[in-house]
Amino acid sequence: MHDALWNPVRVGRLQLEHRLVMAPMTRGRATQEGIPTELNATYYAQRASLGLVISEGTQPSPDGQGYLMTPGVFTAEQAAGWQRTADAVHAAGGHLYVQLMHVGRMAHPDNTPHGRQPVAPSDVRPEATMFTAHGPQPVPEPRALSTAEVRATVQDFRRAARLAVAAGADGVEIHGANGYLVHQFLSDNANARQDEYGGSVQNRVRFAVEVASAVAEEIGADRTALRISPGNPLHDMVEGDTRSLYEELTRQLAALDLAYLHVLHLGDDELLRSLRQLWPSTLVVNRAGRPPEEISADVASGLADIASVGSLALANPDLVERLRTGAPLNQPDPSTFYGGGSTGYTDYPSLAEVA
């Protein structure tokens with residue numbers, strides 16, 4: 001593991017001791033009302049040595065929920081659950097960013113608290129299925145948001161960010177990746193709008209920039225971040241000219257002076273180098289399919305300031321110690337990724353427990 005990984009780094013208003021952070025991962029273990037539990041607090045606190053823990057996707061409104069048992073941050077009860085989680089992470093010496101995730105069209109009425117039709121930039125149904133309490137079902141055709149509703153959704157993100165920080169979170173990461181609402185606005189095929197949020201690249205990046213601007217205005221740019229996944233086809237996404245799209249988005253976001261930009265990197269190294277040049281502050285990179293011995297490669301080469309780690313952090317609560325010492329790694333069990341209790345969640349052993 002390259003020594004560059006263990007150098008300290010500034011992220012917004014946080015000073016981190018090393019350059020590993022925990023990537024956001026949906027786990028489906030909140031209550032049915034979207035309230036984080038003591039079990040959630042334990043899970044995140046176990047991984048506090050990663051320095052910055054980025055939470056699972058958290059819906060900013062009832063319309064934002066797509067999956068069963070995902071947390072929200074739009075009610076007082078949900079905020080109290082996040083307070084418990086933030087306190088536990090801080091007590092263990094870490095920092096917590098809550099990821100705000102509005103799923104847009106990737107939803108099903110059976111999974112939402114109000115049972116409503118999913119909303120999206122346009123009424124374009126993805127070729128996808130959604131797991132519900134009644135088993136897998138096709139994702140239904142969404143309802144296109146009106147221009148006024150798009151602007152109201154921006155304010156939903158603003159309020160959720162305020163609640164998260166008031167509950168003790170150190171900041172928020174806006175989920176602009178993986179085929180969810182912000183990504184849907186960026187897309188060629190999910191966004192067929194005729195207003196100022198559709199058509200040109202400048203119009204398609206508008207929603208992402210407005211959300212980031214509103215959140216930064218509410219809680220501070222140095223506590224605001226955004227995650228992107230250029231070229232990611234997940235959930236039936238098509239982006240067209242990925243390079244011009246993400247270069248324009250990055251240029252506009254750079255003017256906001258956010259805490260970091262988080263890139264889920266799928267292999268376009270030329271684009272990543274371009275984003276590195278355009279982005280003036282901390283760049284976090286999660287390189288899909290990367291083996292453990294290559295986690296430090298992008299930091300060592302200067303392509304990234306920080307490496308985010310997903311399933312290895314899920315399976316190794318003491319991942320930092322294991323990588324520093326070259327100790328064996330627990331292997332993640334995909335059968336326990338989503339839903340359930342402590343099994344495959346808080347029962348992965350640390351080195352001390354193994355000893």
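One table, with the values for the structure above:
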{"item": "Which listed residue is touching a Pro at 6+ places or on another chain (Cβ under 6 Å), at pLDDT 95 or above and not β-branched (Val, Ile, Thr), from ALA160, ALA152", "result": "ALA160"}
{"item": "Single unsatisfied condition, ALA297 versus (1) closer than 24 Å to LEU249 by Cα; (2) touching a His at 6+ places or on another chain (Cβ under 9 Å); (3) not charged (D, E, K, R)", "result": "(1)"}
{"item": "Single unsatisfied condition, PRO126 versus (1) under 23 Å from LEU68 (Cβ atoms); (2) buried (at least 16 other Cβ atoms within 10 Å of the Cβ); (3) touching a helix residue (DSSP H, G or I) at 6+ places or on another chain (Cβ under 7 Å)", "result": "(3)"}
{"item": "Any chance PRO71 is touching an Asp or Glu at 6+ places or on another chain (Cβ under 9 Å), surrounded by 21 or more Cβ atoms within 10 Å (Cβ to Cβ) and more than 27 Å from TYR260 (Cα to Cα)", "result": "no"}
{"item": "Near pairs, Cβ below 7 angstrom, 6+ apart or cross-chain, from segment 107-134 (closer than 16 Å to HIS183 by Cα and touching a residue at least 40 places away in the same chain (Cβ under 8 Å)) to any residue that is in a helix (DSSP H, G or I) and not hydrophobic (A, V, I, L, M, F, W, C)", "result": "VAL119/ASP63; ALA120/GLN184; PRO121/GLN184"}
{"item": "Any strands (runs of 3 or more DSSP E) falling wholly within segment 113-195 and containing at least 3 residues that are more than 18 Å from the chain's Cα centre (by Cα)", "result": "129-132, 135-138"}
{"item": "Leading residue by the ranking (surrounded by the fewest Cβ atoms within 10 Å (Cβ to Cβ)) among those in segment 217-248 that are modelled with pLDDT of 95 or more, closer than 19 Å to GLY57 by Cα and of a type in the set (A, V, I, L, M)", "result": "ILE219"}
{"item": "Which listed residue, of LEU14, LEU20, LEU50, is in contact (Cβ under 8 Å) with a residue 24 or more places away in the chain and either surrounded by fewer than 22 Cβ atoms within 10 Å (Cβ to Cβ) or basic (Lys, Arg) (or both)", "result": "LEU14"}
{"item": "Residues being closer than 21 Å to TRP6 by Cβ and surrounded by 15 or more Cβ atoms within 10 Å (Cβ to Cβ) - total across segment 282-314", "result": "23"}
{"item": "Count of segment 196-216 residues which are loosely packed, with under 14 Cβ neighbours inside 10 Å and assigned to a loop (DSSP other than H, G, I, E, B)", "result": "3"}
{"item": "Any chance VAL103 is buried (at least 16 other Cβ atoms within 10 Å of the Cβ), touching a residue at least 40 places away in the same chain (Cβ under 8 Å) and in a helix (DSSP H, G or I)", "result": "no"}
{"item": "Hey, ASP305 under 30 Å from LEU253 (Cβ atoms) and acidic (Asp, Glu) or not", "result": "yes"}
{"item": "Hits in segment 233-243 (condition: of a type outside the set (Lys, Arg) and either within 19 Å of the chain's Cα centre (by Cα) or assigned to a helix (DSSP H, G or I) (or both))", "result": "PRO233, LEU234, HIS235, ASP236, MET237, THR242"}
{"item": "Subset of segment 138-148 [surrounded by 14 or more Cβ atoms within 10 Å (Cβ to Cβ) and either out of contact with any strand residue (DSSP E or B) (no Cβ under 6 Å at 6 or more places or on another chain) or in contact (Cβ under 8 Å) with a residue 40 or more places away in the chain (or both)]", "result": "PRO140, GLU141, ALA144"}
{"item": "Test: residue in segment 22-33 that is of a type in the set (Ser, Thr, Tyr) and touching a helix residue (DSSP H, G or I) at 6+ places or on another chain (Cβ under 9 Å)", "result": "yes"}
{"item": "Answer from ALA259, ALA225, ALA315, ALA307 - the residue that is under 15 Å from the mean Cα position of the chain (by Cα) and more than 26 Å from GLN184 (Cβ to Cβ)", "result": "ALA307"}
{"item": "ARG251 being buried (at least 16 other Cβ atoms within 10 Å of the Cβ), modelled with pLDDT of 95 or more and either acidic (Asp, Glu) or touching a helix residue (DSSP H, G or I) at 6+ places or on another chain (Cβ under 9 Å) (or both)", "result": "no"}
{"item": "Residues being within 13 Å of VAL299 (Cβ to Cβ) and not charged (D, E, K, R) - total across segment 273-287", "result": "5"}
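The values are calculated or read from the model by the stated rules, or taken from the named source; none is laboratory data. Nothing here was measured: the structure is a model prediction, and the numbers come from that model. When we count neighbours, we look across all protein chains shown, and the Cβ atoms used for this are built from the backbone with ideal geometry, even at glycine.
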